[in-house]
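The values are calculated or read from the model by the stated rules, or taken from the named source; none is laboratory data. Treat the numbers as computed from the prediction; the structure is a model and nothing was measured. When we count neighbours, we look across all protein chains shown, and the Cβ atoms used for this are built from the backbone with ideal geometry, even at glycine. These accessible areas exclude ligands, DNA and RNA; they are computed on the full protein's heavy atoms, side chains included. Shrake-Rupley method; radii C 1.70, N 1.55, O 1.52, S 1.80 Å.
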Amino acid sequence: MKKKYSRILKIFLPFLLFSIASNIHSQEIPKKEPRLGVQNGKVAEIGSSPEAKIGFWKGFWSRSSATVLAGENGGQHIFESGTKYPNLSGAEAGSRITYSREFSYGGIELRHWWQKWELTAGYRTNGRNTRVGQGRDEDFAMANFSVERGNKFSFREWSFYDTPYTFSGTKNFADGRGRLKMKQDRISLTLRRYLGDSDPDGRKEGKGLFLSAGIHYTYFKYYLYDVNQWIASNPIFYGPIGIGLSFSNSTWEIPVGIGYRYSDGAWLFEGSFMGSTWFSHFRDYHYQRNLNFIGNAAGYGIETNLGGGRIWNSWLFFLRLTENRLYGAGSFRTAGGISTSDILSNSAGSYRNYLSTKQYNIEFSITNYLEWISK
C-alpha cells in the first residue's frame, strides 16, 4: 500500500511544483511597458506582434487546461467459446478464460473549449507488466439442458442481461488457475456540447445538460503463468504446468450519451450515461498446445460516470467513479497445434466466441487552468 501511494505522489509532485512555480513567476515579473515610436505620423508600439496573433494565443490558453490523474481499476474480462453440437473430438464442450482487471494506472488529459464546445484528449497506462490478480482457464462439457445466452442486449424485448457469463448448466472437466501480469495503454478523444447554463469552464457558475461523444482505443496483453491445472482424467491429474497462455486484445469503442453538470464556482458535480458500440481484434495463445486462437468480436456496451470536485482559484481537484460494460460476439480461427485434432482445426473454418468486460475504476485528478501561460 505504501508503495502504491509513493507512486501516486511521484506522478503528482512534479506537476504541482511546476505549476506553482509558473504561477509565482508570472506574478513576480512585472509587465514591461511597451516602447512607443512614431510611424507615418502615428504613435505605434515597437517590436510587438500583430494584435490578432496575441489575441489568439491568449484566448487559446485561457480556454485550456491540463490534468494529471491516478486511478484504481477492478473487474473482469472474459473470453468464451463453445457449442452444444459435437466438435472434432465428438464432445459437446466449451471453454472460458477469465482475466482479472485489478490494477493501478496513471495518465494525463489536455482539454480545450470554445463557447459551448469542449474537446478532451487523454492517455492512461499502468506503465509496464504488473501483477493483476488471478486468471482462470476452464474447459467444460455441455448437455441438452445447457443454456447459451450470448445476446446480453435484446432490443426487441427491451431487456439487458448484466452478466459476463454466456454458458450455464455446464460441468468442468479441466480447470487451471494461475497468476496474471498485464500491460495496458488507453487513448481517448471526447467531444462535448454544453446546453443551458452549463459551461465547459467548471469555474463558472451554471447547471444544465451536455451531449457527449468520443472514441477510445485500448490495447492490453495478459500472461497467465505459475498455473496449477486439474484434469478429470483417469487417474485425475492435478499439478503445476508452468506458463499457460497469453492474450492480447485491441479494442475500439465509440460512446455516445448525455450528462448533467452543476457548478457554483467552488464545487463541481457531474454525471453521465452513454451507450457504445465497439470492435476488438484478439490473439489467444496456449503455450502447452502451441495453439493460437485469432479472431474478431464486436458488440454493444454502456458506460456511466459520477464525480465531484473542489475548485481553488485555477485548480480543480476531482474524484470520479466510472462503470463500464462491454458485451459482444465474434469468430476466431486456429493456427498451430500439437495434437491431431488441434492441427485439423486449422482448416475447419471459424468458431464462435464471446468477449465481455465488466469493470469499474475510481479516479482522482488534479487540473490546472492554463491562462497563466499567456500572462
Among the listed residues R63, R101, which satisfies the condition of being closer than 30 Å to E148 by Cβ and either of a type outside the set (F, W, Y) or touching a Ser or Thr at 6+ places or on another chain (Cβ under 6 Å) (or both)? R101
List, please: which pairs have Cβ atoms under 8 Å, are six or more places apart or on different chains, and start with a residue in the range 101-117 that is among the β-branched types (V, I, T) and end with one that is open to solvent by less than 50 Å² (accessible area, probe 1.4 Å)? I108/A66; I108/T67; I108/V68; I108/L69; I108/G122
Does the range 278-285 include one or more residues that are among the small types (G, A, S) and under 14 Å from H216 (Cβ atoms)? yes
Say whether the condition of being on the phi > 0 side of the Ramachandran plot and modelled with pLDDT under 95 is met by at least one residue in the range 314-326. no
Determine whether S100 is within 24 Å of Y161 (Cβ to Cβ) and hydroxyl-bearing (S, T, Y). yes
Looking only at residues that are open to solvent by less than 10 Å² (accessible area, probe 1.4 Å) and at pLDDT 95 or above in the range 179-199, which one is farthest from the chain's Cα centre (by Cα)? Y194
Could you say whether any residue in the range 343-359 is open to solvent by less than 20 Å² (accessible area, probe 1.4 Å) and either within 30 Å of D201 (Cβ to Cβ) or among the charged types (D, E, K, R) (or both)? no
Residue by residue through the range 184-242, note down the ones that are closer than 30 Å to Y369 by Cα, among the acidic types (D, E) and assigned to a strand (DSSP E or B). D185
Could you look through the range 243-258, keep only residues that are within 16 Å of the chain's Cα centre (by Cα) and under 23 Å from G208 (Cα atoms), and pick out the one that is least open to solvent (accessible area, probe 1.4 Å)? P255
